[in-house]
1. Consider region 115-162. How many of its residues are within 11 Å of the ligand (Cβ to nearest atom) and hydrophobic (A, V, I, L, M, F, W, C)?
2. Please verify whether region 207-217 includes one or more residues that are in a loop (DSSP other than H, G, I, E, B), more than 14 Å from the chain's Cα centre (by Cα) and under 29 Å from ASP361 (Cα atoms).
3. Can you list residue pairs whose Cβ atoms sit under 9 Å apart, with the first residue in region 101-120 being outside the structural domain of ALA276 (by TED's automatic domain parsing) and the second being of a type outside the set (Val, Ile, Thr) and surrounded by fewer than 16 Cβ atoms within 10 Å (Cβ to Cβ)? Count only pairs 6 or more apart in sequence or on different chains.
4. Go through GLN330, GLN355 for me and flag whichever is out of contact with any Phe, Trp or Tyr (no Cβ under 8 Å at 6 or more places or on another chain), buried (at least 16 other Cβ atoms within 10 Å of the Cβ) and not assigned by TED's automatic domain parsing to the domain that holds PHE239.
5. Please determine whether any residue of region 208-222 is under 18 Å from SER290 (Cα atoms), within 16 Å of the ligand (Cβ to nearest atom), among the hydroxyl-bearing types (Ser, Thr, Tyr) and in contact (Cβ under 8 Å) with a residue 12 or more places away in the chain.
6. Can you tell me which residue within region 354-380, out of those that are within 16 Å of the ligand (Cβ to nearest atom) and of a type outside the set (Phe, Trp, Tyr), is farthest from ASN213 (Cα to Cα)?
Amino acid sequence: MLSTLRVASRSAAAREANLRMVIGARQASAWSKVPQGPPDAILGITEAFKADSFKEKINLGVGAYRDDKGKPYVLPSVRAAEDKVVASRSDKEYAGITGIPAFTNAAAELAYGSDSAALKEDRLVITQTISGTGALRIGGAFLQRFYPHAKKVYLPNPSWANHGAVFKDSGLEVEKYRYYNKDTIGLDFEGLIEDIKTAPEGSIILLHACAHNPTGVDPTQEQWRKISDVMKEKGHFAFFDMAYQGFASGNADTDAFAPRHFVKEGHNIALCQSFAKNMGLYGERVGAFSLVCESTEEKKFSSVPSTPTPPIHGARVASTIMNDPVLNEQWLGEVKGMADRIIEMRALLRKNLEQLGSKHDWSHITSQIGMFAYTGLKPEQMDVLAQEHSVYATKDGRISVAGITTGNVQRLAESIFKVTG
Ligand code: PLA
């Protein structure tokens, strides 16, 4: 203590440093019981990738689209809309509590379809959110407070790594239902149906609308119909996460089949939308949460507040695109372009692996859909890929196909071949 005092008297700078130490000590005692948050498994990979000095390193961790040069891609329609937004010299006033109506109306139409009964009958509530994660968080909290039949949500096994944490933070309990069959590298449809049937009536079931993350395995339309029937029989509540509309098939309507079918069948669903992937607006945090109500009357009671109040710039960009027929058409073409490049890279990776003489069956790489391929590689093999080949991806064997290019696919295939034999 004496020595600290002496140091403190030496100079103003030293005094300040000393003060910081004292404050630090106080803070440590105030927060010392706070458990350290888990590292973000996906963004942590980006950190490891950045720290690697090997020139030909490959990052297949985060699901962020890259062009064929491996560079982040800003959609030309987004650039054009952004120019329009800037040229309009709009003010920076707060948006309303549920966001920008021109954005949320267009988002609802994109998701549900302009002919949706829920829209025509004016029984949809929608609020702007901090991208898809914010939608899940707000939706989770809303259900936790007001959904009368359950306080537990059933997630597919496996599911997006953050689903569990986001719902737990919303105060919901989390349970799993069977989804993926390791042996077939496909959907465990019987297991899924059985688990949904045995869940207590009125359970909340989380469904990935399309491009299931991490497996890339989606139910077929026939299977979706069956899931809808079983859920109706049991009075379950469908909570859709649609983070990849347009990205799976290249067609925004095709990808929205499941939630639209459920609504047609009379399910009053909840839906989370993200514009991170399909518009490439990752950091702008543009999303929406909506609830289909039984009637306009019920809608009046179901106002879902947003983060007060949501950010305006990204929502203005998305709204400009969706409300301008020419830009909208251009954007849909660009989404298809991204989806097609991913599909092409799947084919190329499989071809390269087969040409190398790999004895494994890699057909799942091309049959899976969306941003990710679930390779079936084991955690130890993923470690070797990172340590010996500078190929970075999540330990569960998921690779972001969006990070593959014509320039790196051969080296990637060789690395996977060496690791899997
Ligand atoms: N839902 C699913 C199924 C997702 O995969 C993601 C993002 C989100 C919601 C949330 O996205 P948003 O908040 O940006 O709209 N998953 C990414 C990103 C792409 C991440 O986890 O950091 C992934 O790599 O899995």
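1. Residues that pass the stated criteria total 6.
2. Step one: list which residues in region 207-217 are in a loop (DSSP other than H, G, I, E, B), which gives 209-217.
Right, trim to more than 14 Å from the chain's Cα centre (by Cα) and you get 217.
So of that shortlist, the ones also under 29 Å from ASP361 (Cα atoms) come out as 217.
Taking every residue of region 207-217 in turn, at least one turns out to be in a loop (DSSP other than H, G, I, E, B), more than 14 Å from the chain's Cα centre (by Cα) and under 29 Å from ASP361 (Cα atoms).
3. Between residues of region 101-120 that are outside the structural domain of ALA276 (by TED's automatic domain parsing) and residues that are of a type outside the set (Val, Ile, Thr) and surrounded by fewer than 16 Cβ atoms within 10 Å (Cβ to Cβ), there is no close pair.
4. Working: GLN355 fails: buried (at least 16 other Cβ atoms within 10 Å of the Cβ).
The conditions single out GLN330.
5. Keep residues of region 208-222 that are under 18 Å from SER290 (Cα atoms), which gives 208-210.
Checking the rest, the ones that are also within 16 Å of the ligand (Cβ to nearest atom) come to 208-210.
The next check asks that each one be among the hydroxyl-bearing types (Ser, Thr, Tyr); those that pass are none.
Taking every residue of region 208-222 in turn, none turns out to be under 18 Å from SER290 (Cα atoms), within 16 Å of the ligand (Cβ to nearest atom), among the hydroxyl-bearing types (Ser, Thr, Tyr) and in contact (Cβ under 8 Å) with a residue 12 or more places away in the chain.
6. First, the residues of region 354-380 that are within 16 Å of the ligand (Cβ to nearest atom): 368-375.
Then drop every residue that is not of a type outside the set (Phe, Trp, Tyr), which leaves 368-371, 373, 375.
Numbers: GLN368: 11, ILE369: 10, GLY370: 8, MET371: 8, ALA373: 9, THR375: 13 Å.
Looking at residues that are within 16 Å of the ligand (Cβ to nearest atom) and of a type outside the set (Phe, Trp, Tyr), I get THR375.
Residue-by-condition table, conditions (1) buried (at least 17 other Cβ atoms within 10 Å of the Cβ); (2) of a type outside the set (Lys, Arg); (3) out of contact with any strand residue (DSSP E or B) (no Cβ under 9 Å at 6 or more places or on another chain); (4) in the same structural domain as ILE185 (by TED's automatic domain parsing):
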position	(1), (2), (3), (4)
SER302	no, yes, no, yes
ALA318	yes, yes, no, yes
HIS364	yes, yes, no, no
SER367	no, yes, no, no
GLU380	no, yes, yes, no
GLU414	no, yes, yes, no
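The values are calculated or read from the model by the stated rules, or taken from the named source; none is laboratory data. The structure presented is a predicted model; accordingly, all values stated were derived computationally and were not measured. FYI the Cβ positions are ideal-geometry reconstructions off the backbone, even for glycines, and counts take in every protein chain you see.
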